[in-house]
1. Would you mind counting up the charge near Lys72? Only other residues with Cβ under 11 Å from its Cβ, with Lys and Arg at +1 and Asp and Glu at -1.
2. Would you please put 173-186, 112-125 in order of how densely packed they are, using the mean number of other Cβ atoms within 10 angstrom per residue and starting with the highest?
3. At q = 0.17 Å⁻¹, what log₁₀ I(q)/I(0) does the stretch 5-263 have when each alpha carbon counts as one equal point scatterer in the Debye sum?
4. Which FRET efficiency, nearest 0.05, do Ser3 and Ala177 yield, Cβ-Cβ r, R0 35 Å?
5. Pull up the cross-link candidates among the lysines for Lys367, meaning alpha carbon to alpha carbon under 19 Å and not fewer than 8 places away within one chain.
6. In what sequence, highest mean first, do 350-361, 36-47, 188-199 appear when ranked by Cβ atoms within 10 angstrom?
7. Which lysines, on any chain, are close to Lys79 with Cα under 25 Å apart, when same-chain ones fewer than 8 places away are left out?
8. Give me the lysines in straight-line cross-link reach of Lys152: C-alpha distance below 25 Å, same-chain residues under 8 apart excluded.
Amino acid sequence: MSSDIIGLVNLREDNPLRELNDRRPLATIPVGGKFRLIDFTLSNMVNAGIANVGLLLSPQSRSVLDHIRSGKEWGLARKGDGLFYMPEDLEDIQHPVEGDISSYYKNLLFVKRGNKRYVLLTGCDTVQNIDYDEVLHFHRHHNADATMIYQKQKYAFGREGYALIVDEQNRVIGIDAKPEIQAGENLYQRGIIIEGEVFQHCIRRAYAKGYTHLVTDVLKRNVDRLRIFGYNYQGYAKRIDSVNAYFQVNMDLLDMQVWRDLFFKDKQHHIYTKIKDEAPAKYMEEAHIHNSLVANGCIIEGHVENSILFRKVRVGKNAVIRNSIIMQRTVVGDDAQLDYVACDKNTVIQPEAVLSGTKENPLCIGKCSVI
C-alpha cells in the first residue's frame, strides 16, 4: 500500500464542456449513470492506500463540496490525515495566473506537513482504474526523481497534449507539446509521482523565476538533470477534454469488457461514489430496453437503445431514445424521439419533440432546459 504518498488533485482547469454546461467544474460532470469524474481520481488514490489528499479548488466548487463532503465514501474522513480542501486566494480569483506552479507553491505547506516521501500529482479529466502501487514500484525500481504516466496511442488523438519521448530503459528524454497526438506516440496522462523533496525544491525555484507550468517549465527543461521516467499504463484510460470525448467515454461503458475493466478490475480496486438510497428502476409493460445503462429511480415506458440514463429519469409512452446520454431527473415526454443527444439534468423534453445529433457532434442540451 502506498501510505508514503501524499496526493494533490488539481481542479483549477478550464471547463472544456461549455456546450453542455458551464455552471459546474469538470470534476463533477456525471459519468456512467451514477458516477462523477472525480470519483475515478479519488478512488484510484484510496485504493492504493493514499490517505492524505489535497484538492486544489476552482472558484466554481459548490458541486465538488456537495458531492464529496467529508470524503466518507472514499474513507477520507479521518481525524489526522484525510481530505483537505484548498480554495483559491481572493487575489488569484481577481487576477488569474496561468499554469499550475503558483497553485502548487501556495500549498507547499500542505506537502511539508504531510511529511511523505512521495507526491502524486494528478488532474481530474481521465476515466481510468489505475494501480498506483504498480506505478510506485516502477518509480522505486528505477530510482527515479519523477515518474510520468503515459499511454501509447493505438489511434490518433485529435486534440492537444504532451507526447513523451522515452528510451529503451523507459527514461524520458523529451517532452513535446503537440496540437494533435498521432498513433504510436506516448500521450502523457496527467499523472506524476515525484520525490517530495525534489518537488518542493523545483516548485520554489520555478516560482522564484516566474515559471508557470510544471511539465514544460520544470520537467522538460530538466530532462538531462533529473531522473525522469515514463510508466506505460496499458489499461483503459480516456481523457474528457471535449463534448465529443465525453460522449465517447460514456458510450464505451456500454461495452461489457470496458465496464469490467473499470468497475470490476479486482476485489481491491473499486470505484466509489456518493451513496444515494433510491428505489430500483421501474420498467412498465410497454418498455423496451437494449444495450443500455439505467440507474436507480428511473421509470421507463418507452424504447431505450444504446443509451445511458442517470438517476430518476422518466421516459414517457412511445418515446424513443437512441445513442444518448440523459442525466438525472430529466423527463422525456410521450412520443418524443432522441438520437445522439447529451442532455443535462432537470431538463424537460416535451411530448412529440424530435432531437437529433451525430456521433461526431452530439446535440447538447443544458441544465434545466425545456425543449
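1. +2
2. Packing proxy ranking, top to bottom: 112-125, 173-186.
3. Each listed q maps to, in turn, -1.60.
4. Plugging the Cβ-Cβ distance into 1/(1 + (r/R0)^6) gives 0.50.
5. Reachable lysines: Lys34, Lys312, Lys345.
6. 36-47, 188-199, 350-361
7. Counting by Cα, and skipping residues close in sequence, Lys79 has these lysines nearby: Lys106, Lys112, Lys116, Lys274, Lys276.
8. Lys178, Lys220, Lys238, Lys265, Lys359
Readers should treat all values here as calculations from the given coordinates under stated rules, not as data from a laboratory. The model shown is predicted, which means the values in this text are computed figures rather than measured ones. Cβ coordinates were reconstructed from backbone atoms using ideal geometry, including for glycine residues, and neighbour counts include every protein chain displayed.
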